Amino acid sequence: MSERVSADQIRADQLDALHEREAHAAAEGGAEKPPAPAGSVLWETARHAVGWLDAANADRDPAEERALRLLKLAEETGEVMSAYTGLTGQNPRKGVTHGRADVAAELCDVILTAAVALYGFSDDPAATLDAHLRGVTERMLAQPDRA
């Protein structure tokens with residue numbers, strides 16, 4: 001296992017700092033902030049990433065930029081598989097090089113990258129995903145139990 005700080009450790013530190021700021025703001029303002037809806041951090045982060053990428057790549061054709069964001073999704077998926085290979089120790093030359101948290105962090109990167117890419121195909125990506133998930137759930141619930 002490498003000595004580098006894991007993505008999970010960085011994320012935990014960032015969440016701790018966020019919770020500290022929120023607690024401090026609540027103490028000063030007297031009222032606590034209501035909990036954010038599920039998934040809101042995902043969509044806020046994706047929206048910021050889209051703005052950042054759009055600004056950085058403003059000279060690129062929008063269709064090319066959409067295609068590159070889809071390619072990035074494929075790259076991130078490959079990183080999941082690489083981490084999983086490291087988790088299982090499948091490569092005898094390298095052995096076990098990753099933990100479950102590494103695989104989880106890479107899966108999170110895939111989810112975020114897909115959310116960013118979805119902005120290129122939907123005016124309201126959060127609603128698009130919600131509607132799609134409702135449809136998937138309905139189809140699953142319509143299936144007879146397979147005990």
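Quick check, is G86 assigned to a loop (DSSP other than H, G, I, E, B) and small (G, A, S)?
No, not satisfied.
Do we have L53 as touching a residue at least 24 places away in the same chain (Cβ under 8 Å), under 14 Å from G120 (Cα atoms) and open to solvent by less than 50 Å² (accessible area, probe 1.4 Å) here?
Spelling it out, L53 is indeed touching a residue at least 24 places away in the same chain (Cβ under 8 Å), under 14 Å from G120 (Cα atoms) and open to solvent by less than 50 Å² (accessible area, probe 1.4 Å).
Can you tell me how many residues within the range 56-96 are among the basic types (K, R), open to solvent by 70 Å² or more (accessible area, probe 1.4 Å) and in contact (Cβ under 8 Å) with a residue 24 or more places away in the chain? Give the derivation first.
Within the range 56-96, the subset among the basic types (K, R) is 60, 66, 69, 72, 93-94.
Going one step further and asking which of them are open to solvent by 70 Å² or more (accessible area, probe 1.4 Å), we end up with 60, 66, 72, 93-94.
Next, from what is left, pick out any that are in contact (Cβ under 8 Å) with a residue 24 or more places away in the chain: 66, 72.
Qualifying residue count, the range 56-96: 2.
With the checklist (1) β-branched (V, I, T); (2) surrounded by fewer than 12 Cβ atoms within 10 Å (Cβ to Cβ); (3) within 30 Å of A56 (Cα to Cα) in hand, flag the one item T137 doesn't pass.
(3)
The values are calculated or read from the model by the stated rules, or taken from the named source; none is laboratory data. Note that the structure is a prediction, hence the values are computed from the model and not measured. Methodologically, a virtual Cβ is constructed for each residue, glycine included, from the backbone with ideal geometry; neighbour enumeration extends over all protein chains shown. Each accessible area value is taken on the protein alone, full model and side chains, heavy atoms only, with ligands, DNA and RNA left out. Shrake-Rupley method; radii C 1.70, N 1.55, O 1.52, S 1.80 Å.
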